[in-house]
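K.L.:
Right, I'll just put the structure down here and ask away after.
Laboratory data are not the source of any read-out in this text; all were calculated from the coordinates shown. These numbers come from a predicted model, not from an experiment. Note that we place each Cβ from the backbone using ideal geometry, even for glycine, and neighbour counts take in every protein chain shown.
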Amino acid sequence: MSNASVEVTAKTLEEAQSLAAEQLGVEVAEVEYEVTSEPKKLLGVLGSGQYTLRAWIAGSPPEAAEAVAAPAAPEAEAADAGVPPTAEEVADRAGMVAGHILELMGVNAEITIDSSSREGIRIHIASPESEALLIGRHGETLDALQFLVGIGANQGEHGGYRVTLDVGDYRERQEEKLRQMAIEMADEAVANGEEAVLSLSAYERRIVHMTLKDRPDVETYSEGEGEQRQLVISPLVAPPAAEAEAEAEAEE
């Protein structure tokens, strides 16, 4: 009996077992194996990654087995080499994670990757019958889904790609309203000479920061911790009334 072992990688445990049996030339029932790596789990439900097995013919101890190297998948080679995934790879993973979540929710939807770059990944979910369910009250459900997909797509790595989910153009509409509000609040802060303090989500704070970053008359910054974190729009110039008063005093 052969004492060879093989190492195989597949999306599911069953596929990996079948692949091992094929390479060993035996039936699946004759294969013994050990799992050397498995998909990362998110909340005990989501899996991101693949199964890797070391398998051998039943009765042939793995300690005595001579490893028969199976061709490594390109993704595994990149991971072993420490090469960070590309935006396209993370985007594909984000699409799969989003699809898996929606499947668990029983939601039929069409998922489209709108853009993928170092600046971030944007995914659109089209599901006319389930828009309200996916968006939730004030976008809370969509925010939660976005958080889960971001973690799954980046496999929990710190400093990964920013993932944005949109359902029925909800994000686009809200972002436009937020940009308009940011401009109005900045104008008011400059006119009154007083800071404007806003309680926003991290996602919303980023939109305001980006909207006002090129304005020379205001600056934006965040303060506080956790759920108490707020965004401040602070004027950098004196309000018109104060300027007029200063000019009048100078003339006297």
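K.L.:
Tell me, what ³J(HN,Hα) does each residue in segment 113-127 have, in order and in whole Hz, if you take phi through Karplus 6.51 cos²θ - 1.76 cosθ + 1.60 with θ = phi - 60° and put x for Gly and Pro?
P.N.:
Using θ = phi - 60°, the values come out as 8, 6, 7, 8, 7, 4, 6, x, 10, 10, 10, 10, 10, 9, 8 Hz.
K.L.:
Something else: On alpha-carbon atoms, Rg over Rh for segment 99-173 using Kirkwood Rh?
P.N.:
Taking Rh as the inverse mean 1/r over Cα pairs, Rg/Rh reads 0.95.
K.L.:
How many percent of all Cα-Cα pairs in segment 147-239 sit more than 17 Å apart?
P.N.:
When every Cα pair of segment 147-239 is considered, 57 percent fall beyond 17 Å.
K.L.:
Between Glu188 and Arg229, take the C-beta separation as r, use R0 = 22 Å, and let me know the FRET efficiency to the nearest 0.05.
P.N.:
0.50
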